[in-house]
Structures are given as C-alpha cells and as structure tokens.
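Enquirer: If you scroll down you'll find the structure; I have some questions about it.
The values are calculated or read from the model by the stated rules, or taken from the named source; none is laboratory data. Note that the structure is predicted; figures quoted are calculated from it, not measured. Don't worry about glycine lacking a Cβ; one is built from the backbone with ideal geometry, like all the others, and counts go over all protein chains shown.
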Amino acid sequence: MEKKEYHVRDIIIKREKIVEIEFMDENESPIHNLRYVIHLPNGEKREGRSNEKGIARVKITGGDMLIEVPDSKAIIPIDIEVL
C-alpha cells in the first residue's frame, strides 16, 4: 500500500465554535471520505470522515489539539484560539 501525504489547507473558525478543516492531497485536490480523529485538550476525541469536498466540521473547545489521520499515520498539531 502506497503511503500518501495529507495536509490541512485551511482552518476556519465559525461563531458557533465549529471548525472547518479542509483535507487536501499533494496536488491540492480535496480528499473525500478521509477518516480523522481530533484529540481535544480535555482528552475528548472527535472522530469522523471528510465530506465530498474534503471538509470536516467539528465542534471544538479551543487550545492545543491534534488531528490524526489514522489511515496514513499522520498527526497534525494545531493551536486554535476560540474568541
């Protein structure tokens, strides 16, 4: 199995404390149905899959978080301040 690289192209904070994460491949194409796990600062996890546009929408609390992409073994650290 070929190992793919993933990156987060954009993180948008909505007023409702919802994060939109856009998963893109190395060619800047959206990755749909990508499994992710977000590890929140309080120990909780948010799991799901990206939609047909490569976007995941997740309710968050802010702070240091990790986005894990289990199928690729990638872990992406992020720090989000919710205003």
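Enquirer: Is there any pair with a first residue in region 15-38 that is more than 15 Å from Arg57 (Cβ to Cβ) and modelled with pLDDT under 85 and a second that is outside any strand (DSSP E or B) and of a type outside the set (Val, Ile, Thr) whose Cβ atoms are under 7 Å apart and which are 6 or more apart or on different chains, and what are they?
Expert: Going by the 7 Å Cβ cut-off, the qualifying pairs are Met24/Gly54; Asp25/Lys4; Asp25/Tyr6; Glu26/Glu5.
Enquirer: Take region 42-62 and flag every residue that is surrounded by fewer than 14 Cβ atoms within 10 Å (Cβ to Cβ) and β-branched (Val, Ile, Thr).
Expert: The one that is surrounded by fewer than 14 Cβ atoms within 10 Å (Cβ to Cβ) and β-branched (Val, Ile, Thr): Thr61.
Matching residues to (1) over 12 Å from Val19 (Cα atoms); (2) outside any strand (DSSP E or B); (3) at pLDDT below 70:
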{"position": "Gly48", "(1), (2), (3)": "yes, no, no"}
{"position": "Arg57", "(1), (2), (3)": "no, no, no"}
{"position": "Thr61", "(1), (2), (3)": "no, yes, yes"}
{"position": "Ser72", "(1), (2), (3)": "yes, yes, no"}
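Enquirer: Restricting to region 27-41, name every residue that is part of a loop (DSSP other than H, G, I, E, B) and surrounded by 13 or more Cβ atoms within 10 Å (Cβ to Cβ).
Expert: Ile31, His32, Leu34, Leu40, Pro41
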